[in-house]
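Reading through the structure tokens given below for one structure.
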Amino acid sequence: MPRLYHILPRGDHPGSHNALKVAVLLRELDLEFELVDLDPATQLRPADAPLRRLNPNGLTPILDDDGFILWESAAILQYLCESRGPTPLLPIETRQRARVLQWLAWEGSTLIPALMALYMARIGGGEDTSAATRVDFLLGLLEQQMAGRDWVGESYSIADIALGAGVPALLPLGVDFTPFPELRHWLARLRARPAWQDDIFLGDLRAGGLT
């Protein structure tokens, strides 16, 4: 049985949005798994923390699949689809697959750094105009991609799972989703799926008044 090392929401932590992606995928694949909730202050951050032996970065998610240890959420999503597939969550057809992987990469390399820049600006009490402008621009790109379609790619996929975990994390930061109706409808479609009945995701939606 796969074991997923996660950080669930607590008073001093909103929960791991990257581990949320893996939890959602495991549910979508109808796989039984063991969820291990970690205390980041004691089990991940210290240089000598035990979990550093599994992930030297001291971050979640960490997947233990019968002794095979893997970290980095995008790699885990792809691994689970390929090891438990075939599954439409990662298409076989070359161009459809490439489109899914494009948006999976965009989430990690472009959206999340912009989100973190906005987060750091706002918790620091500094000027966040450029960070907010960048976030709005990126949400506009995703809004254009979603126009006339239900999902990011040709069908529901790990691109939706990755972005569905990352995009709502902007809501507790006060980002206004009013200008992005396609994204609001997309989030509602995710909300209707059983795999997304998760405290992290639902908490983000509540923070933005989208539940």
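Coordinate-derived values only; no laboratory data. All figures in this text were calculated on a predicted structure; none of them were measured in a lab. FYI the Cβ positions are ideal-geometry reconstructions off the backbone, even for glycines, and counts take in every protein chain you see.
How long are the semi-axes of the equivalent ellipsoid of the stretch 21-132, taking √(5λ) for every eigenvalue λ of the Cα gyration tensor, in whole Å from largest down?
On the way: eigenvalues 154, 110, 24 Å².
Semi-axes (√(5λ), whole Å): 28, 23, 11.
Evaluate 2.2 N^0.38 Å with N set to the residue count of the stretch 126-176, then give the Cα radius of gyration divided by it.
Output field value: 1.27.
Report the equivalent ellipsoid semi-axes for the chain in whole Å, largest first, defined as the square roots of five times the eigenvalues of the gyration tensor built from alpha carbon atoms. Display every interim value, and only then the final one.
Working: eigenvalues 132, 108, 46 Å².
Whole-Å semi-axes of the equivalent ellipsoid: 26, 23, 15.
Express the relative contact order of the chain as a whole percentage, based on alpha carbon pairs under 8 Å and six or more residues apart in sequence. Walk me through the intermediate numbers first.
Numbers: 256 pairs, mean separation 45.3, N = 211.
Over the chain, the number comes to 21 percent.
Residue farthest toward the positive end of the dipole of the chain, with Cβ of Lys/Arg at +1 and Asp/Glu at -1: which of LEU210, MET1, SER83?
LEU210
Hey, what number do you get for the chain at 222 nm if only DSSP H runs of n ≥ 4 count, each worth -39500 (n - 2.57), divided across all residues, to the nearest 500?
Numbers: 9 runs with 100 residues, N = 211.
Roughly -14500 deg cm²/dmol at 222 nm, from the helical runs in the chain.
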